[in-house]
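Trainee: Dropping the structure in here first, questions after.
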Amino acid sequence: MTEEAYNQCVDNHADNLYRFVLKSIKDIDRASDIIQDAFERLWRYKDRIDPTKAKSYLFTTAYHLLIDELNKGKRTVPIETEASVSHYTFNSYSDLSEVLQRALELLPHDQKMVLMLRDYEGYSYEEIEEITGLSESQVKVYIYRARVSMKKYLGKMEAVI
């Protein structure tokens, strides 16, 4: 990979990569550090990486760095423990994006990652398999479980809107 190809990669993928990481950890500084580490590793191994595979390499690296960061001490709250809480109001204000974001935050981080890669970033199951190192069937299971959990959290759509 040439310096020009690397710079083009930064221009093309930095925003999507940052958004993916930031949605996962909600900390601007930690997200920036993870993105910087991912691009630094890309630069370090630029001679071994095919420029057409740079996006996949970046997301894979960021994913693994993110998992390492999350495993340093953050514990997730199972979504079932939140099921008894009312998640909607009867007034006229309801920000669906806030409700969806809260539901996403309650997912276990493996489910959250694959769901975001699939639904937010638009990756195929095969690409997610390559990024995460999970089998395709496990990716499908995590996505299914995440969607079921979010559906339980949201309840009826009429109650949210």
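Trainee: Is at least one residue of region 48-57 over 17 Å from G133 (Cβ atoms), assigned to a helix (DSSP H, G or I) and not hydroxyl-bearing (S, T, Y)?
Mentor: yes
Trainee: A further question follows. Looking at region 34-59 only, could you name the residues that are loosely packed, with under 15 Cβ neighbours inside 10 Å and among the charged types (D, E, K, R)?
Mentor: Those that are loosely packed, with under 15 Cβ neighbours inside 10 Å and among the charged types (D, E, K, R): E40, R44, D47, R48, D50, K53.
Trainee: Follow-up question, since we're still on this one. Mind telling me which of the residues E129, E40 ends up being modelled with pLDDT of 85 or more and in the same structural domain as K151 (by TED's automatic domain parsing)?
Mentor: E129
Trainee: Looking at region 38-45, can you tell me whether even one residue there is touching a Ser or Thr at 6+ places or on another chain (Cβ under 9 Å), free of Cβ contacts under 8 Å to residues at least 24 places away in the same chain and under 16 Å from T2 (Cα atoms)?
Mentor: Yes, some residue in region 38-45 is touching a Ser or Thr at 6+ places or on another chain (Cβ under 9 Å), free of Cβ contacts under 8 Å to residues at least 24 places away in the same chain and under 16 Å from T2 (Cα atoms).
Trainee: I've got another one for you. Identify, please: which residue in region 112-152 is part of a loop (DSSP other than H, G, I, E, B) and surrounded by 15 or more Cβ atoms within 10 Å (Cβ to Cβ) and is, among those, nearest to the chain's Cα centre (by Cα)?
Mentor: The residue in question is E121.
Trainee: I'm trying to understand the selection: among the residues of region 98-130, which are within 16 Å of H13 (Cβ to Cβ) and of a type in the set (G, A, S)?
Mentor: Across region 98-130, the qualifying residue is only G122.
Trainee: Restricting the search to region 20-43, which residues are touching a Phe, Trp or Tyr at 6+ places or on another chain (Cβ under 8 Å) and either not in a helix (DSSP H, G or I) or not hydroxyl-bearing (S, T, Y) (or both)?
Mentor: F20, K23, A31, I35, L42, W43
Residue-wise test of (1) closer than 23 Å to R102 by Cα; (2) among the β-branched types (V, I, T); (3) within 20 Å of the chain's Cα centre (by Cα).
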{"residue": "D33", "(1), (2), (3)": "no, no, yes"}
{"residue": "A38", "(1), (2), (3)": "no, no, yes"}
{"residue": "D47", "(1), (2), (3)": "no, no, no"}
{"residue": "K53", "(1), (2), (3)": "no, no, yes"}
{"residue": "L66", "(1), (2), (3)": "yes, no, yes"}
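Trainee: Now for a different question. Tell me, please, whether a residue that is touching a residue at least 24 places away in the same chain (Cβ under 8 Å) and over 16 Å from F20 (Cβ atoms) can be found in region 112-132.
Mentor: no
The values are calculated or read from the model by the stated rules, or taken from the named source; none is laboratory data. As the structure is a prediction and not an experimental result, all values here were calculated from the model. Neighbour counts are summed over all protein chains in view; Cβ atoms, including those assigned to glycine, are modelled from backbone coordinates with ideal geometry.
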